[in-house]
1. Bin width 10 Å, alpha-carbon pairs only: give the P(r) of the stretch A:36-78 as whole percents, running from 0 to the bin holding the largest distance.
2. When DSSP assigns beta bridges and you keep just the ones with both residues in chain C, what percent turn out antiparallel, to the nearest 5?
3. Cα-based Rg of chain B per 2.2 N^0.38 Å, rounded to two decimals?
4. With r defined as the distance between the Cβ atoms of residue A:50 and residue D:111 and R0 fixed at 22 Å, what FRET efficiency is calculated, to the nearest 0.05?
5. What ranking of C:441, B:255, B:155 emerges when the number of other C-beta atoms within 10 Å of each C-beta is taken as an exposure proxy, fewest first?
6. In angstroms, what radius of gyration and Dmax does the stretch A:132-270 have, counting Cα atoms only?
7. Separation of the stretch B:214-247 and the stretch C:384-435 by C-alpha centroid, Å?
8. If packing is taken as the mean number of other Cβ atoms within 10 Å per residue, what is the order of A:247-259, B:59-71, highest first?
Ligand SMILES: Nc1ncnc2c1ncn2[C@@H]1O[C@H](COP(=O)(O)OP(=O)(O)OP(=O)(O)O)[C@@H](O)[C@H]1O
Ligand SMILES: Nc1ncnc2c1ncn2[C@@H]1O[C@H](COP(=O)(O)OP(=O)(O)OP(=O)(O)O)[C@@H](O)[C@H]1O
Ligand SMILES: [Mg+2]
Ligand SMILES: [Mg+2]
C-alpha cells in the first residue's frame, strides 16, 4: 500500500495548505497579518496552561456525547437529540443538587451532591431519549425529526426554568440559576485552569467502549443495521435495539449536562448545551465510531475553538466571527483527511458497497479498519425514512 | 380574536412559510436522493447576506439571483468534498453550516463597520393586483402578497412535475432507496446525487435571500435563526414530497405566526409556551401521520389476502 | 419486441479477458464468442468466474486485461448504460430492480428520453409479458414481489429494453418448472429474431434443452467451448464439475415424534399470499418438501415456522417454545433451541460486510460465547474446536480466506457459506427450515448439500425443504406438501408423489383425495 | 482625528474591552466601540475589543487572557459579563476592571472593580414619553425575550407613555423568542399593525431590523429602532434613546492614569450625559411639531427632579 500512503500524505498536505490559504486570505481581507493569525491559532491552544486546560474542558462534553452515540449510530439509529438531552439533564442535575442541598440545610457533603448531580443528569437525559425511542417503536415516528423538535422544546423549558423555579435571586441579564453550592463543584484537575475531574470520565467511557466493541451486543447492533431478519434470530428486536441504544446516548448526554453545570459554569446557563450535541455527532462520525478516533477528534474539535479565539485575539482588528469561519474550514479539511485514512479499507469491498461506494451516505462513516459501518449509515439515512414510516 | 387578527395571522403565515418552501423543495430532492444536507442553515444565511449585498449593487432581482448562486456554489463544494474526497456527508454539512454562519457575520462586520448605518436594499415590490388587494379579508391574503409567495407556488408545481414525469425524478428516488441496484441498472448514482444537492443548495440560497431581499430589506447576523434545521424537519415530515413539504411549511409557519400574534391578545401564558407551540404541534402532527401511515400499511397487508399467485391461469393451461 | 432489425446479426467476441479482485484471480485469459440467434450456455462450478465474465461483457466490471469486439468493432463499455446502448444487456443474479419502483418505473429508469411516459412503457411491458407467457404485476413496488416474480420481472424488463445480446445470470435458480417453460419458449423465439442469449446456469437439463453453444469455465479459465448439441449429459457434467461421486442410495428413515407444529395458522404479508388456516406437523427424522408456485405462501409459512412472523391466529410450537407474543421475539428462542434457517434470499442471512469468520460465528458472537482464539472457535455453531478454515473447506466455500468480506464470494459460495453456518452446527440442528437450499450451487455442491440434509434427517433432525424446483424436493423429501394460494392443497407421501399429481396440485387443481387428511393423520 | 488636542498623559492606557453583541449593532454594543475609538483618536488609550462575548463560558477565558497579558483596564460591557469579570478580578488584584449589571451592582464594587449601570427607568420613561407625544395610539411593543431587564424597561416605558398621552392604548408585548429573528419580528409588527397599532416600540437590535422595516412598510411610526436596521427603517423611526459611553469611560481612564481607580459605582443618566436620544424625526408631519419641545421640557424636569420616575 505504498502508493496509498504517498497519496494520503499528498492529500493531507494539500488540504492543510488549502485551509491555511483560505484562512490567510480571509485575515488579509480584514486588513490584518495572516502570520500573526496563525501564531495566535497555535498560542490559542498552547501558550498558557489555562488555554491547554480550556482545550481539555471543551473536549469532555463533546467526547462523552460522541462516545455514547456509538451504539445508536452503529445500529443505524440516527438521533440528533443530544442538545435537548444535555439541557434537560442539566436542569434535572441542578434541580436535584439544589434540592439535596436544601434538605441538608446547605451542609451536604460533596459526594452526596455529586451523586445527586449524576443521578439527576442521567435521569433527565434518559427521559429525553426515551420519548423519541418510544415514538419510534410504537408509531414509527422518524427519530431524526422527533429528536430535532424535542431540542427546541427543551430549549423553551430551559428558558422558562431560568425565569421561574431555578432563576437566580439577583437580577441578571442572561437568564441563569443561582450559583451551585461550592461542595457540588467537580474538583479541579490542573490548578490554574478550569480543567476538572470530568476529564477522567471520558477516559473511562472510552475504555468501556473499546471493550464493548468486541462484545456480543456490538455484533447484534451491526447485524441489526444491515440484516434485521438475521438480527431477530440474535434476539435484537427493533424495540429492544432502539430503546437500549437511545438510552445509552441519552444517559451520556444527561451526564454531560451535569458536568457542564457542576464542572465548568458553576451554575445553570441558557448556553449550557452550546452546540455540543451537534459537535458530538460530527466527532462521532469523524472518529469513525471508534473510541480512540473519537477521543482524538474531540480534542481536535475543542482545540479548534480555543485556537480560533486565540487567532482572533492575536490579530485584534479581525471580527470575532473569524473564529467560527476558521472552525468551519478546518472541520471540512479534517473531514477529508479522516475519510482518506479509511478509504483504502474498501479495496476488497463488497459488490454492493463498491458499486455504491460513490453513494455519499455509504462512504460516509466508513470507520478505520472495520467493515460494517457503511451499512450502518446507509441504514441511517435510507432506513430512517422507512423506519419513520415515511413512504 | 378579531377578524383583523386572523387576517394578520394568515398573511404572516404565508410570509414566514415562503423561505421554508423554497429551501424545503430543494432539500426534498436531496433527501429523496438518499442524502442529507445539514449545511442548509449555512447556505440559507449566506444566501441572505449575499442577497442583500448584491441587491444593494444591482437591485432585488440581482440579489435573489446572487443568493441562489452562492447556495449553488456551496453545494458544488460540498459535492466535491463528499464525492471526490469521500468525506462524511453529515460532518461536512455541519462544517458548511458553521462556515456559512461565520462567513456571513464576518463579511457583514467588514462591510458595515461599527458606526455606519446598516444598508437597506429595496425589497421585491408587492405584486400589482391593485384593487383586488383591497377586497376585505381575502384581498390582503390572496392578492396582497409579495410575488415571491406566488413564485413559491409555481416552483412547487414544477418540483412535483419533475419528480413525477422525468427520468431524473425516478433516478433520484432510485439512488435514494437502493443505490446498489440503481447503479447496476445503469443509473449514474453520483451524478444523480450531485444534481440533487445542487438543486437543494440553489434553493436554500434562494430561501435565504427571500428573507432579506424579499421581506426585511437588510441583513443582520444569524437572521435565518435556525430555519435551516426547521426545513430538515419539514422535509422529513412532508415525506420529501413537494406537496407534503409545502403543507409542512405552511403548518409550521401558521403556528409560528399564531404564536407570535396571539400573544398580543388577552390570554397570557409564559412566552416560552408560545415559542414552543410550533415545535410541539409539529411533533404531534408527525406522530399522528406516522400512526395513520402504519395503519394504512397494516390494511394493505390484510388486503393481499385476496391476491392469488400470479401464474395460476397458466397452471390451468398446462 | 424491440430488437431493431439492423442489429440482428451482430457477433460479440471477448478475447483473453483477465480480471482479478485484489489477490483473487476471478478470470485468467478467458475468451468467448457469442453468435447471434443462438443460446450460449456458460457453465462451471461455483466461483468459476461466470458472473464476473458476464459482468465484464455487460460493462459492470472492467477487465484487468483483454479486449472485446462487436462485429469486429472495439467494444469497451464504461458502465452498464454504455453496454446497453451498444445492445448488450444483462440480468444479474442478485437482481438490479429498485424495490421502491414498479417494473414500469424500473424500465423507465434508464434510457435516453428525459421525460417518461408510464402508459406507453406499460403497454410495451404488457406485450412482452404476454409473449413470455408469464404474469407479473407491473405497478406494485418490486420490493413487494416474491423473489421469483422479481426474477421474471427483471428478465421481462431486459427483454423490453431490447438487446442483440442478452446475458442471463442464473435466471432459473429461483424459478419453478412452469415459469422456466414459458421463459425458455420466449428465449427461443428471441433467438429466431436474431438475438444472442448467454445463459448462465447450474442445471444440466437446461443446457440440454436450450443451449446451442457451450462455454465451460473452471477456476477462472476456459476448459471447453463448442457446440452443445453433440455433447452427452454426463460429458457436460464432467466438464462442469469433474467426476461426480454417484448419489448416495436413498436410505430408509423412520419419523419420530412431532418436533415442529403449526396449527390453524392465519397470517398476512405484502410479499406473499396470506396463509389462511395452515396446519403442518414436522416430525423428527423426516424431510418434508413444500412445493408450489412462487408466491403461494411458502415464504410466509417458513417465516411463521421460524418465529419471524407472529400469526394473526393459530399457533406455532417448537420444542415447547410457543411463538412469542411479540413478533420476532420467538425467532431468537427458536434459534437457541436449535432451528436452522436458510431463507429464499441468501442476502437476508449473510452479512456482506462481515468477514467469512464473523458470518460463521455470528450466533455465538452475538450471545457472547467465547470469541475466536487464534483462529480456533470454542463455538458450538462451527463444531467443537473446529477451526473456521475447516468448516469453510468442509462445505467447499472458495476461497478459504476467513478474513475476506462475505461479499467477495461468488453468489454460490455465499450460499455454501450460509449452509455451512446453519447446517454445520453441532450439536446438529433439531429443525431445519430451508428454502431452495441448493439455489445457485453447482451440481457437486448441490449434491453435497442434499446429502447433508439427508444425514441430518437420519440423525433425527426434522427438515423442511421448500423449493420451486420439484427435482430439488423429490430428491430428498419423504413427504411432499403442496401449497396453493396460502393453503395446503395436497400432502402426499413420496411414494404417491408423482410429478403429474403434484403438477396438478401446484396449479391449484386439487384432486378430491388430497388435502387435509394426511396432514392430520401424521400427527400422533 | 489626530488634530484633536489631547491632554498630554504620561502613559497611554491599555484597555481590553468585551461586548456581548456585535459592535456594529448601532446600539448598546456600538456605544462602547464608538467611545473607545474616540478616546484612541485622542491618544488617551490603546484598546482591544472583543465582540460576541455574551456566553460567560466564552468570555471568562478571554478576560483572564487580557488580565494575564498586562492590560491596565478591562471593561466588561453588559450584564452578561458581570460575573465573569468578578471571578477573574479576584485573581488579578492590580489590574483594573469594570463590570456592569442591574441597579444592584452599584454596591458590588471592589478595590479593583468599578461597577457601572445605566438608568433603565430614564431610558424606558423617555422612550415612552417620546412615543406618547406623537399622539399615536394604540401602541404595540415587540421584544426579543421575556427577560428581567426587558420587562423593567417596559414598565417605565408604559409610565412615559401615560405621562405624555394618558388616553393612549397599549397593546400587550409580543416576544419574538429570539434576539436575531428579524422575520418573526417583522411578522409580529405587521400583525400588531393589523390590530390597529399606530406606533411600535422595541429595545432589541437584531429584531429591530424586522420591526423597523415592517413599520416603515406599513407606514406606522416606530421608536427605539437602531441604526443597524438601515435607512429605510429609520425613515419612520421617531427617535431612539441610547447610551453615550464616552464620558464614563473617559473618567475611568483618567482615574487609572491618576492611580485612584476603584471603590465606586457609576450610573449613566440623562444628567451626566450618559444617556442621549436621537433628534426627533417628524416623519414628514406625522409627529406633532411641538413634540421636540415637550421632550426637552421633560428632560429638564427629570434633570431638576421636578419629574420623578417610578
Ligand atoms: N469483489 C470481489 N472480491 C473478491 N473476490 C471476488 C469478487 N468478485 C468475485 N470474486 C471471486 O471471483 C471468483 C469468481 O466469482 P464469480 O461470481 O464470477 O463466480 P461464479 O462463476 O459466478 O460462481 P457462482 O456460480 O457461485 O456464481 C470467485 O472466487 C469469487 O470469490
Ligand atoms: N466489483 C465487485 N466488488 C466486490 N465484490 C464483487 C464485485 N463484483 C462481484 N462481486 C461479488 O462476487 C460475487 C459474484 O457475483 P454474483 O453475486 O453475481 O454471483 P452470482 O453468480 O450472481 O451468484 P449466484 O451464484 O447466486 O448465481 C458476488 O457475491 C458479488 O458480491
Ligand atoms: Mg455467479
Ligand atoms: Mg452464479
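1. 26, 30, 23, 19, 3
2. Close to 55 percent.
3. That ratio works out to 1.13.
4. On the way: r = 24 Å, r/R0 = 1.07.
Computed FRET efficiency for residue A:50 and residue D:111: 0.40.
5. B:155, B:255, C:441
6. 19.7, 60
7. Measuring centre to centre over Cα atoms gives 52 Å.
8. A:247-259, B:59-71
Bear in mind these aren't lab numbers, they're just calculated from the coordinates by the rules spelled out. Remember, predicted model here, so these are calculated numbers, not experimental data. All Cβ positions, glycine included, derive from the backbone under ideal geometry; neighbour counts span all protein chains shown.
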